[in-house]
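The values are calculated or read from the model by the stated rules, or taken from the named source; none is laboratory data. Given the structure is predicted, the values throughout are model-derived calculations rather than measurements. FYI the Cβ positions are ideal-geometry reconstructions off the backbone, even for glycines, and counts take in every protein chain you see. Calculation scope for accessible area: heavy atoms of the full protein, side chains included, ligands and nucleic acids excluded. Shrake-Rupley method; radii C 1.70, N 1.55, O 1.52, S 1.80 Å.
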Amino acid sequence: MIVAQGLTKRYGDKTAVDSVDFTVPSGTVTGFLGPNGAGKSTTMRMILGLDRPTAGQVTVNGKQYAKLAAPLREVGALLDAKAMHGGRTAYNHLRWMAASNRLPKRRVDEVLDLVGLAQVAKKPAKGFSLGMGQRLGIASALLGDPGVLMFDEPVNGLDPEGILWIRNLMKQLAAEGRTVFVSSHLMSEMALTAEHLVVIGRGRILADTDMRTFIDQN
Ligand code: ADP
Ligand code: ADP
């Protein structure tokens with residue numbers, strides 16, 4: 001479970017996230033809906049401990065990662081499609097992540113199978129299509145078998161088959177009892193993916209409710 005309380009991030013005199021309170025329960029997919037610039041990525045970075053809140057706090061299963069990035073064993077994230085793999089192959093990228101996080105080598109083969117990249121794992125990831133890059137990002141997020149997963153705009157630029165695949169994967173992860181938090185600027189996408197919805201606009205929470213209630217009221 002993720003709990004934000006008075007969570008705030010200011011950049012100079014710009015308030016990106018403005019004293020937000022919300023809860024992301026486990027065992028269900030929670031959508032994080034808002035237009036571009038609403039504060040979704042900034043919020044996710046603070047949850048991961050990659051950005052420090054200016055005020056307030058956010059806890060993940062009771063823990064705060066405000067000073068240190070969350071361990072891959074606890075939180076996995078697909079933050080954006082921009083590659084962090086340098087010129088490495090998919091396999092070597094994951095091997096390096098596993099090694100630096102003291103995860104067993106066999107997890108690399110497991111996640112490559114899981115995301116359908118086993119056949120191309122020995123090819124340089126910089127030659128990957130957008131969809132393959134997303135799959136590699138998801139493999140990285142799953143590597144530590146974490147109980148909490150965050151996906152920032154995961155369907156952006158994917159073909160219908162890729163969108164369906166990611167959507168089903170997120171539902172499966174939630175059905176296993178994990179906490180799954182996924183952002184999008186598209187209500188249509190959220191309605192097909194999430195059972196719980198947090199809506200953000202200009203850094204403020206506009207709704208935090210179950211999807212059915214939200215759709216009935218809007
Ligand atoms: P979203 O993910 O919803 O598109 P962001 O969290 O990326 O929104 O951005 C929220 C606001 O904070 C935007 O106005 C953005 O320009 C601003 N912002 C984000 N990161 C920085 C930064 N490092 N420095 C200054 N402003 C930032
Ligand atoms: P570092 O030693 O720089 O912290 P890491 O191997 O911990 O390197 O992280 C590499 C990159 O992975 C970071 O730059 C960050 O963007 C991202 N990252 C860190 N922690 C996580 C996480 N729990 N889930 C997803 N991405 C993460």
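I'd like to verify a number: residues in the stretch 1-17 that are part of a strand (DSSP E or B), surrounded by fewer than 18 Cβ atoms within 10 Å (Cβ to Cβ) and within 15 Å of ligand 1 (Cβ to nearest atom), how many?
4
When both residues are 6+ apart or on different chains and their Cβ atoms are under 9 Å apart, which pairs have a first residue that lies in the stretch 60-75 and is closer than 13 Å to Ser140 by Cα, and a second that is charged (D, E, K, R) and not in a loop (DSSP other than H, G, I, E, B)?
Glu74/Lys63
Mind checking which residues of the stretch 18-41 are hydroxyl-bearing (Ser, Thr, Tyr) and either at pLDDT below 95 or buried (at least 22 other Cβ atoms within 10 Å of the Cβ) (or both)?
Matches in the stretch 18-41: Thr30 only.
For every residue, the table says whether it meets (1) of a type in the set (A, V, I, L, M, F, W, C); (2) in contact with a helix residue (DSSP H, G or I) (Cβ under 9 Å, 6 or more places away or on another chain); (3) modelled with pLDDT under 95; (4) closer than 25 Å to Met97 by Cα.
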site	(1), (2), (3), (4)
Met132	yes, yes, yes, yes
Leu142	yes, yes, no, yes
Asp145	no, yes, no, yes
Gly157	no, yes, yes, no
Gly162	no, yes, yes, yes
Glu195	no, yes, no, no
Leu206	yes, no, no, no
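Within the group Arg88, Arg106, which residue is more than 16 Å from ligand 1 (Cβ to nearest atom) and free of Cβ contacts under 8 Å to residues at least 12 places away in the same chain?
Arg106
Quick check: anything in the stretch 58-66 under 24 Å from Glu195 (Cβ atoms) and open to solvent by 80 Å² or more (accessible area, probe 1.4 Å)?
yes
Of all residues in the stretch 18-30, which are away from ligand 1 (no atom under 15 Å from the Cβ), of a type in the set (Val, Ile, Thr) and closer than 18 Å to Gly49 by Cα?
Answer for the stretch 18-30, where residues must be away from ligand 1 (no atom under 15 Å from the Cβ), of a type in the set (Val, Ile, Thr) and closer than 18 Å to Gly49 by Cα: Thr23, Val24.
Report the residue count in the stretch 192-203 for those that are open to solvent by 50 Å² or more (accessible area, probe 1.4 Å) and either more than 17 Å from Gln172 (Cβ to Cβ) or of a type in the set (Val, Ile, Thr) (or both).
1
Out of all the residues in the stretch 18-39, which are of a type outside the set (S, T, N, Q) and assigned to a strand (DSSP E or B)?
Asp18, Val20, Asp21, Phe22, Val24, Val29, Gly31, Phe32, Leu33
If you check every pair at least six apart or on different chains, which have Cβ atoms under 9 Å apart with a residue in the stretch 171-185 that is over 12 Å from Glu195 (Cα atoms) and among the charged types (D, E, K, R) first and a residue that is within 14 Å of ligand 2 (Cβ to nearest atom) and open to solvent by less than 10 Å² (accessible area, probe 1.4 Å) second?
Arg178/Pro146; Arg178/Val148; Arg178/Leu149
Please state which of the following conditions Leu206 fails to meet, knowing it meets all the rest: (1) surrounded by fewer than 18 Cβ atoms within 10 Å (Cβ to Cβ); (2) in contact with a Lys or Arg (Cβ under 8 Å, 6 or more places away or on another chain); (3) part of a strand (DSSP E or B).
(2)
So which strands (runs of 3 or more DSSP E) are wholly in the stretch 40-152 and hold at least 1 residues that are more than 12 Å from ligand 2 (Cβ to nearest atom)?
Per the criteria, 55-60.
Quick check on my filter: what residues within the stretch 152-177 are surrounded by 18 or more Cβ atoms within 10 Å (Cβ to Cβ) and more than 17 Å from Met1 (Cβ to Cβ)?
Asp152, Glu153, Pro154, Val155, Leu158, Gly162, Ile163, Trp165, Ile166, Arg167, Leu169
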